[in-house]
Amino acid sequence: MLETQGTQRAGRPRVVLLVDEFDRITTALGLVTDAAKATFLGVSPAALSKIRNGVNTPSADFIAAVRTALPAVPYERLFTERPTT
């Protein structure tokens, strides 16, 4: 299962998952639970939970898993950058 990175250097933007849009898309695919969504992506439920809750920043592997599972969905529809605090 994929893990996530939890730290960012000051001054670099933080990539975040747009959870509402992710949920709209995955629910439309019949994936109702977070466990089903994690399985669909090939990540652990804990990793997905930490990203959903903003505890961890999505790693390159997580982003690649999303892009592989949802190739027709543009990156910008599922991820955005926010300044670090």
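The values are calculated or read from the model by the stated rules, or taken from the named source; none is laboratory data. Just so it is clear, the model here is predicted, and its values are computed rather than measured. Every residue, glycine as well, gets a Cβ built from its backbone with ideal geometry; the counts of neighbours run over all protein chains shown. Heavy atoms of the whole protein, side chains included, go into the accessibility calculation; ligands, DNA and RNA do not. Shrake-Rupley method; radii C 1.70, N 1.55, O 1.52, S 1.80 Å.
Quick rundown of the values:
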item: Condition check for Phe79: within 11 Å of Leu18 (Cα to Cα), modelled with pLDDT of 95 or more and surrounded by 18 or more Cβ atoms within 10 Å (Cβ to Cβ); result: yes
item: Pairs where the first residue, in the stretch 26-38, is open to solvent by 30 Å² or more (accessible area, probe 1.4 Å) and the second is assigned to a loop (DSSP other than H, G, I, E, B) and of a type outside the set (A, V, I, L, M), C-beta under 9 Å, 6+ apart; result: Ala36/Gly30
item: Checklist (1) among the hydroxyl-bearing types (Ser, Thr, Tyr); (2) in contact (Cβ under 8 Å) with a residue 24 or more places away in the chain; (3) under 16 Å from Val19 (Cβ atoms) applied to Ser44, failing item; result: (3)
item: The stretch 61-79: number of residues that are touching a helix residue (DSSP H, G or I) at 6+ places or on another chain (Cβ under 8 Å) and touching a residue at least 24 places away in the same chain (Cβ under 8 Å); result: 10
item: Count of residues meeting criterion [among the hydroxyl-bearing types (Ser, Thr, Tyr) and on the phi > 0 side of the Ramachandran plot] in the stretch 17-66; result: 0
item: Top-ranked residue in the stretch 11-23 [being without any contact (Cβ under 8 Å) to a residue 60 or more places away in the chain and more than 12 Å from Lys37 (Cβ to Cβ); ranked as surrounded by the fewest Cβ atoms within 10 Å (Cβ to Cβ)]; result: Asp20
item: Hey, Val43 of a type in the set (Val, Ile, Thr) and either surrounded by 15 or more Cβ atoms within 10 Å (Cβ to Cβ) or touching a Pro at 6+ places or on another chain (Cβ under 6 Å) (or both) or not; result: yes
item: Index of the failed condition, Leu48 passing every other in (1) crowded, with 21+ Cβ neighbours inside 10 Å; (2) part of a loop (DSSP other than H, G, I, E, B); result: (2)
item: Filter result (modelled with pLDDT under 95 and of a type in the set (A, V, I, L, M, F, W, C)) within the stretch 22-69; result: Val55
